Amino acid sequence: MTRRAYVTRLPARSPDDVEGLEAAISRGEIQAQGIVAILGKTEGNGCVNDFTRAFAVRAMQDMLARHIPRDKVAKIAMVMSGGTEGCLSPHWIVFEAREVTEPAHGAALALGGARTPDMAGELLGRRGQIELVAAGVKAAMSDAGIRSADEVHYVQVKCPLLTSERIEAAEQRGKTVATRDTLKSMGLSRAASALGVAVALGEIGVDDIPDEAIGRDFSLFAGRAATSAGIELLDHEILVAGMSTAWTGPLAIDHGVMADGIDIEPARAALARLGLAAQGQLSQEQRPRVKAVLAKAEAAASGRIRGNRHIMLDDSDISSTRHARGLVGGALAGLFGFTDLFVSGGAEHQGPDGGGPIAIVVSRE
């Protein structure tokens, strides 16, 4: 038997809107038992108190439990990214792996998932988290049957954050935490998780990352990591997407690294490598072939974009991650011609400062 990947993008009217997904399952367009991961954009603030993420996960789990056993539901990575600022549209992206009888013909999209053990709060933002994620990424690669890091184009990690209760629990054990600021803990968790991906893929050696560099030295970064922090978990949910000759089907993935929030040329180059060349915006005929756009967004710590000043870091009313999502979402929508783009804010160590990785899944048919 050969495995084949399926990717389906569905609109969401609200964080608990699972009707479209359930209808697709009922019609046989999606096979619940084959779902590896569900990525979602929800219209919360994307910060510590964004409970739209947990709300969406609970709605997904309850619905899927009507179709498959709950122990199988628990194995599905459900990565909800809060924040649909600007033109971004709430949506779900469902990743499936099915066993088929058709032979493999060259490389095709391959998917693998893993979950780490629950992480103690004192490890967040430190070497311990890096090592935990690196081990999880390697497990997900093994699950996908991907043998070489060069075949990996995208690694999504949903990581935990610190709450006052988690901080208190660590201190009662006689431990210290990397920060007592729960909002800052989101950035540190994303940062350490991204560096864990870089270590797993051989981009950086673990011994080259001292604790004090995490969240500070942005010359260290992963080119294929996308990490998102949330209150709804204590472990790490990991999805690896790459190309493998052991898989079949028309889907393919490629990636690039944006140098800043308006650098769309790496995305255009990846599209061309995937057979979708476009001088301007993708045509109406080309757009249906794009199954998923997965990108990171970050406000440059320099306070500038191509020499001009930005105020994303100086706005006391709105988190910079919200500004960055709106910026990158608008830039990419201009290229792709649609707005249900999975743009996640907070790109610490994910691409260069102010930039971020982007991965694109297309159908070659």
- Going from the fewest other Cβ atoms within 10 Å to the most, one would list D235, D150 as D150, D235
- Would you order T52, T163 from fewest to most other beta-carbon atoms within 10 Å of each residue's own beta-carbon? T163, T52
- Query: Relative to the Cα centre, what is the charge dipole magnitude of region 163-202, using +1 at the beta carbon of each Lys and Arg, -1 at the beta carbon of each Asp and Glu, and rounding to the nearest 20 debye?
  - Reply: 80
- Computed E for D71/M1 - FRET, C-beta separation, R0 22 angstrom, nearest 0.05: 0.45
- Query: Charges only on Cβ, +1 for Lys and Arg, -1 for Asp and Glu: so what's the dipole of the chain about the Cα centre, in debye to the nearest 20?
  - Reply: 600
- May I ask which residue of L341, M312, T101 lies farthest towards the positive end of the charge dipole of the chain, with charges of +1 (Lys, Arg) and -1 (Asp, Glu) on Cβ and the Cα centre as origin? T101
- Note on the structure: Using alpha carbon centers only, region 1-51 is separated from region 124-168 by a whole-angstrom value of 22
- Distance (nanometres) between label positions extended 7 Å along Cα→Cβ at V100 and S26: 2.6
- Message: How big is the dipole moment of region 109-241 about its Cα centre under a simple scheme where the beta carbon of each Lys and Arg is +1, that of each Asp and Glu is -1, and everything else is neutral? Debye, nearest 20, please.
- Response: 120
- G261: net charge of surrounding residues, Cβ under 12 Å, Lys/Arg +1, Asp/Glu -1, itself excluded? 0
- Message: Looking at the chain as a GNM with Cα springs under 10 Å, which of E171, E122, E203 has the largest mean-square fluctuation?
- Response: E171
- Task: Using a 10 angstrom cutoff on alpha carbons, build the Gaussian network for the chain and name the most mobile of G326, G20, G355.
- Result: G20
- Virtual spin-label span in nm between D211 and C87, 7 Å along Cα→Cβ: 4.5
- Which is farthest toward the positive dipole end of the chain among G261, G121, V18, measuring Cα position about the Cα centre, with Cβ charges +1 (Lys, Arg) and -1 (Asp, Glu)? V18
- Query: Relative contact order (percent) for the chain, with alpha-carbon contacts under 8 angstrom and 6 or more residues of separation?
  - Reply: 22
- Note on the structure: Across K296, K158, K72, the residue with the highest GNM fluctuation in the chain (Cα network, 10 Å cutoff) is K72
- Message: Only sites in a loop by DSSP and with at most 16 other Cβ atoms within 10 Å count here; which trypsin sites (Lys or Arg not before Pro) in region 9-42 make the cut?
- Response: R13, R27
- Message: Give me the percent relative contact order of region 250-363, please, defined on Cα pairs under 8 angstrom at least 6 residues apart.
- Response: 47
- Message: Can you tally the net charge around S302? Count Lys and Arg as +1, Asp and Glu as -1, for every other residue whose Cβ sits under 11 Å from the Cβ of S302.
- Response: +1
- Residue order, fewest to most beta carbons within 10 Å, for R273, R289, R3: R273, R289, R3
- How large is ³J(HN,Hα), in whole Hz, for each residue of region 8-15 in order, when computed from phi with the Karplus curve 6.51 cos²θ - 1.76 cosθ + 1.60 and θ = phi - 60°, using x for Gly and Pro? 10, 9, 10, x, 10, 7, 6, x
- Note on the structure: Counting only DSSP beta bridges fully inside the chain, the antiparallel percentage to nearest 5 is 70
- Note on the structure: Cβ-Cβ cut-off under 14 Å around A120, Lys and Arg +1, Asp and Glu -1: the net charge is -2
- Message: Between Q61 and A278, how high is the FRET efficiency from 1/(1 + (r/R0)^6) when r is the Cβ-Cβ distance and R₀ = 35 Å? Nearest 0.05.
- Response: 0.35
- Along the charge dipole of region 2-103, Cβ charges K/R +1 and D/E -1, which of V57, G34, T2 sits furthest on the positive end? T2
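Where a number appears in this text, it was derived from the coordinates with a stated rule and is not lab data. Remember, predicted model here, so these are calculated numbers, not experimental data. Note that we place each Cβ from the backbone using ideal geometry, even for glycine, and neighbour counts take in every protein chain shown.
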